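Read-outs throughout are calculated quantities, based only on the coordinates presented, and are distinct from any laboratory measurement. As the structure is a prediction and not an experimental result, all values here were calculated from the model.
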Amino acid sequence: MMNAVSSLAAALPTSPAAAVAAVQGRAIALLDALLRRGGRAPVRVMPPEKKADYKGPDADLLRLQDEVLSLAIEALRTAPPARPDVRQ
């Protein structure tokens, strides 16, 4: 049991920036999977206001992830593309 706990602890992010990047990355992966399956929000979804001002060596990565999340959330509120009517 102790081996499982120590290996789990080793896999967790050690810095706050790494933790934010890990959470945002997971959210991006989930939104991507949802959008690829044609998922749409039944109500108007708005991305949150920008409240974080990232600084440090990971700032560019965190800003990029934040932008991707905003775009994915925006895509959830759009209608899926119409499928062509293929009747023969």
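For the range 21-76, what does the relative contact order come out to in percent, with C-alpha contacts under 8 Å and a separation of six or more? Write out the running numbers ahead of the final one.
Working: 35 pairs, mean separation 33.3, N = 56.
RCO, the range 21-76: 60 percent.
Considering the alpha-carbon set of the range 24-80 alone, what are its Rg and its Dmax in angstrom?
Using the Cα atoms of the range 24-80, the pair Rg, Dmax is 12.4, 38 Å.
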